[in-house]
Amino acid sequence: MSLISKATQYIKHPLRVYSLVSRAGLTRFVPDEQHLRIMYRALIGKRLDLNNPQGFNEKLNWLKLHDRNPLYNTLVDKLAVKKWVADKIGEKYVTETYGYWRDVEDVSIDGLPNQFVLKTNHDSGGVAICRDKATFDFDAAKKLLAKHLKRNYFWWTREWPYKDVIPVVMAEEYLEDEGHESGLVDYKVTCFGGKPTLIEVHRGRFGEHTCNYYDAEWNPVRIDWAGIPVSPVEVERPENLKEMLELSAELTRGIPQVRCDWYVLGERLIFGELTLFNGAGLDPIDDESDSKLGSLIDLGLAHGD
């Protein structure tokens with residue numbers, strides 16, 4: 001999107017300026033509920049009903065304010081969740097962690113393999129991929145990661161589990177799927193109360209990004225979500241789909257709504273991360289899908305304040 005297009009959007013929707021300012025951490029003084037109402041109006045274009053939430057996005061924002069399960073602090077921490085997942089379903093599903101550091105200046109890549117990933121554990125987007133040490137721009141990576149280490153994701157989305165995560169840079173195993181021209185394929189399984197229901201398949205995350213949607217039986221589902229285009233090329237049903245769904249159910253049991261992400265490399269099934277608030281409850285969804293998915297969230301499963 002060009003700068004002119006972006007500027008036009010903000011002129012047409014001035015509330016989006018609030019979202020932009022919020023990303024910079026300048027709206028911390030605004031109470032959580034008021035902040036979410038403004039963000040919802042700015043990014044979804046509707047009023048947020050927290051008294052009688054019905055849609056998927058409305059219920060996710062309600063859960064941000066009212067579901068205080070202490071387990072969530074571990075689940076959103078990309079480092080801590082690895083041990084939790086390994087204890088639940090086995091170490092073979094978790095990528096190898098080579099090390100982690102509180103300060104980016106302490107990060108050492110000398111002992112790392114030729115290919116690896118550096119990323120922050122507490123937010124989104126703090127990722128530096130090394131495919132070859134000989135050409136890896138380590139200084140640029142440190143600059144990016146230092147910026148993300150200073151960021152507290154909570155203040156923009158008000159997803160409370162992120163607020164007290166201790167930020168670190170972690171080095172982990174590099175994954176590559178040579179069988180797909182678009183690169184590594186993301187399988188994201190949204191579960192409701194531990195029941196796998198919707199599968200997002202993301203391809204081309206660092207190029208021509210597309211997403212196709214399927215139900216648990218691998219039937220295509222039509223959703224217009226976050227403006228991500230749907231590829232006309234359908235995705236083949238993965239051979240280990242049954243295992244993926246069973247493990248997703250095990251990891252998400254008892255949680256009102258959570259997305260469990262996976263990678264498939266040949267016969268190997270690899271856990272990615274858990275997302276408690278899909279799109280932070282701020283990604284536009286077509287009305288029919290928003291209503292249908294919202295009906296699947298049981299707010300009675302929420303833990304009290």
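Taking region 87-109 as the range and being closer than 12 Å to Glu173 by Cβ, outside any loop (DSSP other than H, G, I, E, B) and among the β-branched types (Val, Ile, Thr) as the test, only Thr97 passes. Taken together, Lys143, Lys147, Lys133 contain a single residue that is surrounded by fewer than 16 Cβ atoms within 10 Å (Cβ to Cβ), over 20 Å from the mean Cα position of the chain (by Cα) and closer than 30 Å to Phe29 by Cα, which is Lys143. Would you confirm whether any residue within region 107-130 is over 27 Å from Arg268 (Cβ atoms), outside the structural domain of Cys211 (by TED's automatic domain parsing) and aromatic (Phe, Trp, Tyr)? No, there is no match, as no residue in region 107-130 is over 27 Å from Arg268 (Cβ atoms), outside the structural domain of Cys211 (by TED's automatic domain parsing) and aromatic (Phe, Trp, Tyr). Selection of region 256-272 for residues being crowded, with 23+ Cβ neighbours inside 10 Å and under 18 Å from Asp298 (Cβ atoms) yields Pro256, Gln257, Val258, Cys260.
Residues checked against (1) touching a helix residue (DSSP H, G or I) at 6+ places or on another chain (Cβ under 7 Å); (2) exposed (fewer than 15 other Cβ atoms within 10 Å of the Cβ):
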site: Lys242; (1), (2): no, yes
site: Leu282; (1), (2): yes, no
site: Asp286; (1), (2): no, yes
site: Leu296; (1), (2): no, no
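Only one of the numbered conditions (1) assigned to a loop (DSSP other than H, G, I, E, B); (2) farther than 18 Å from Phe271 by Cβ; (3) in contact with a Leu (Cβ under 7 Å, 6 or more places away or on another chain) is not met by Phe206, and that is (3).
When Tyr93 is tested against the conditions (1) without any contact (Cβ under 8 Å) to a residue 40 or more places away in the chain; (2) more than 19 Å from Val165 (Cα to Cα), the lone failure is (1). State yes or no: is Arg37 surrounded by 13 or more Cβ atoms within 10 Å (Cβ to Cβ), modelled with pLDDT under 95 and outside the structural domain of Glu250 (by TED's automatic domain parsing)? In short, no. Of the candidates Glu234, Glu200, the single residue that is surrounded by fewer than 17 Cβ atoms within 10 Å (Cβ to Cβ), outside the structural domain of Glu33 (by TED's automatic domain parsing) and of a type outside the set (Phe, Trp, Tyr) is Glu234.
The values are calculated or read from the model by the stated rules, or taken from the named source; none is laboratory data. Worth saying up front: this structure is predicted, and the values here are computed from it rather than measured. Note that we place each Cβ from the backbone using ideal geometry, even for glycine, and neighbour counts take in every protein chain shown.
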